[in-house]
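Asker: One structure, pasted below without further comment.
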Amino acid sequence: MTRIEPERIHRLNDRPSARGQYVLYWMQASQRAFWNPALEFAIDLANEHKLPVLVVFGLTPNYPEANLRHYAWMLQGLREAAQALRERDIGFVMRLGNPPDVALSLADRAAVLVTDRGYLRHQRAWRAYLAERASCSVIEIEGDAVVPVETAYPRQAVSAAVLRRRIQPLLPRFLRPLQEQAPQVRANFDEPSLDLDSLENIFAQLEVDRLVEPVDLPSGTHAARAQLRSFLEKNLARYAELRNDPRHDATSGLSPYLHFGQISPVEIAWEVSRVDHPSAHVFLEELIIRRELAINFVWYNPNYDTWAGLPQWAQQTLQAHAADPRPAIYSLNQLESAQTDDPIWNAAQSALIRTGRMHNYLRMYWGKRLLVWTAHPEEALRIGLYLNNKYALDGRDPNSYAGVGWCFGLHDRPFSERPIFGKVRPMTPEGFTRKYGMIES
């Protein structure tokens, strides 16, 4: 009998459980040892079969659009997760290779293979590849959304209002603590594994861009929980008023931790929901409704990272104004190196390069200005996704694709028509400075 809500459980093949040496959990999206439904489901199965749990992580040497910055931060978090798993008497193995092939290399000795759920195209392809080839039962557990994506809505939602109406009545069912159980059989494996205490040796085996340097931000579940506590104590009370003001650090700072699955969105939502303050409701709107609107977008729209993924009205109006005169045209190199005539934009891009982070309101402005400085709106979208995915710690994420897409009309409504933007919501330097003044890099 599992403790996991049935809506989170997805059987990926029709093979029965096998006679195995362990229950195998293929960890990829949920990189944590706590508040992890896939891990807890694996523990339940292992206790039922009187077997230990073995966690495997497949480290691809060339993850799409990832560079040394992303790998270094992720591996620091995985080092902590591996230690926490061992302290829970759970085995951990990390091997270099195509992630589903790494999982398959251990699946032939597994009674059941459990995996978590990522929402992007390549993550779905990995799981389909594995489920087709595994000789045992493969079960996927969705643990990185508060409400499972298909339960929340059966198709792409055009706006937050549509999704909000569906999700809010479901929250009492899914927004609850996850009790952790101990494995009844202690893991005692001697499987070959990469040494997470020797990160430089692992870096040497990666086929990635090393010019984007790691950032000075603590990684892992311990750091994520410390960030959450700091937000609850210092910023939650002023979040509703100041979250959009880049001059104040009133946001949660949890986005990178959520991207790498180092903290559960359910854990965050549970802790915030216990605070009796109006700002708590505003934050939960962003964490649950807006974040899961992004998950809905990439899950149901196969073109989430291309021009074709934008709403038809936005494509049409931007195409109609594609030939409008631009005040300046900047090359990709000029944009990437923050060499425009807009000090606000340059400050935002410089912060992204230096820290791997950008204030969300600044990201909106940053993305919309690309329309003004590129020869065609399709090029602006490509550049926005490229820069965000390359430098942001939380790039290559459903929130990233939806966030950049919003700058081009996604999840928004038409506004009064104007040059270049057409009917897409505009943002201008004059409007930004009237509201917030100048931003220094």
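Asker: Name the most mobile residue of 429, 192, 177, meaning the one with the largest mean-square fluctuation, in a Gaussian network model of the chain with Cα contacts below 10 Å.
Answerer: 192
Asker: Using the Cβ atoms and a cut-off under 15 Å, what net charge is assigned to the surroundings of residue 307, where Lys and Arg are +1 and Asp and Glu are -1?
Answerer: Result for the local shell: -2.
Asker: Turning to a different aspect of this structure: Neighbour counts of other C-beta atoms within 10 Å: give me 2, 317 arranged from fewest to most.
Answerer: Lowest count first: 2, 317.
Asker: Another question, then. What is the order of 266, 55, fewest Cβ neighbours within 10 Å to most?
Answerer: 266, 55
Asker: Right, next: Quick one: if you stick a label point 7 Å off each Cα along the C-beta vector at residue 182 and residue 237, how many nm between them?
Answerer: Inter-label distance under the simple model: 4.0 nm.
Asker: Now for a separate question. Computed over the Cα atoms of region 307-436, what is the ratio Rg over Rh, Rh following Kirkwood?
Answerer: We get a ratio of 0.93 for region 307-436.
Asker: Something else now. For a test of understanding, tell me how many lysine pairs in the chain have Cα atoms under 30 Å apart, given they are 8 or more places apart or on different chains.
Answerer: 7
Asker: In the Gaussian network model of the chain, springs joining C-alpha atoms below 10 Å, which of 111, 125, 351 carries the largest mean-square fluctuation?
Answerer: Checking each option, the largest mean-square fluctuation is seen for 125.
Asker: So how far apart, in nm, are the two label points at residue 247 and residue 86 if each is 7 Å from Cα heading toward Cβ?
Answerer: Once both label points are built, they end up 5.0 nm from each other.
Asker: Give the angle, between 0 and 90 degrees and rounded to the nearest 10, that separates the Cα long axis of helix 291-300 from the longest principal axis of the Cα atoms of the chain.
Answerer: 80
Asker: Something else now. Once R0 is set to 35 Å, what does the formula 1/(1 + (r/R0)^6) return for the Cβ-Cβ distance between residue 334 and residue 275, expressed as a FRET efficiency to the nearest 0.05?
Answerer: Efficiency, rounded to the nearest 0.05: 0.20.
Asker: I want to check the label-to-label distance for residue 222 and residue 125. Put each point 7 Å from Cα in the C-beta direction and report it in nm to one decimal.
Answerer: 3.7
Asker: Just checking my list (i) 22.5; (ii) 20.6; (iii) 24.0 against mean projected area of the Cα convex hull in nm² computed from this structure; which label fits?
Answerer: Read-out from the structure maps to (ii).
Asker: Build a GNM of the chain with springs between Cα atoms under 10 Å: which of 45, 104, 199 gets the top mean-square fluctuation?
Answerer: Residue with maximal mean-square fluctuation among 45, 104, 199: 199.
Asker: Where both residues lie in the chain, what percent of DSSP beta bridges are antiparallel, nearest 5?
Answerer: Antiparallel: roughly 15 percent of the beta bridges in the chain.
Asker: Taking the chain as the reference, fit the longest principal axis to its C-alpha atoms, fit the long axis of helix 37-49 to the helix C-alpha atoms, and give the angle between the two in degrees, 0 to 90, nearest 10.
Answerer: 10
Asker: Once every Cα of region 1-143 carries one equal point scatterer and solvent is ignored, give the base-10 log of I(q)/I(0) from the Debye formula at q = 0.14, 0.20 Å⁻¹, two decimals.
Answerer: Rounded to two decimals, the profile gives -0.59, -1.27.
Asker: Another question, if that's okay. Would you order 3, 225 from fewest to most other beta-carbon atoms within 10 Å of each residue's own beta-carbon?
Answerer: Ranked by crowding around the Cβ, least crowded first: 3, 225.
Asker: Under a Cβ-only charge scheme (Lys and Arg +1, Asp and Glu -1), can you give me the dipole magnitude of the chain about the Cα centre, in debye to the nearest 20?
Answerer: 940
Asker: Also, quick follow-up: To the nearest 0.05, what FRET efficiency results for residue 320 and residue 428 with a Förster distance of 25 Å applied to their C-beta separation?
Answerer: 0.80
Asker: Then there is this: If amide H atoms are built 1.01 Å from N in the plane of the peptide, which residues on other chains or at least 5 residues away come under 5 Å of the amide H of residue 94?
Answerer: Distant-sequence amide H within range of residue 94: 57, 194.
Asker: Sticking with this structure for a sec: Can you give the charge dipole size of region 307-436 about its Cα centre, rounded to the nearest 20 debye, using +1 on the beta carbon of Lys and Arg and -1 on the beta carbon of Asp and Glu?
Answerer: Dipole size: approximately 280 debye.
No value in this document is a laboratory result; all are computed from the given coordinates. Bear in mind that the values here come from a model prediction, so they are computed numbers and not experimental data. All Cβ positions, even for glycine, are placed from backbone atoms using ideal geometry, and neighbour counts span all protein chains on display.
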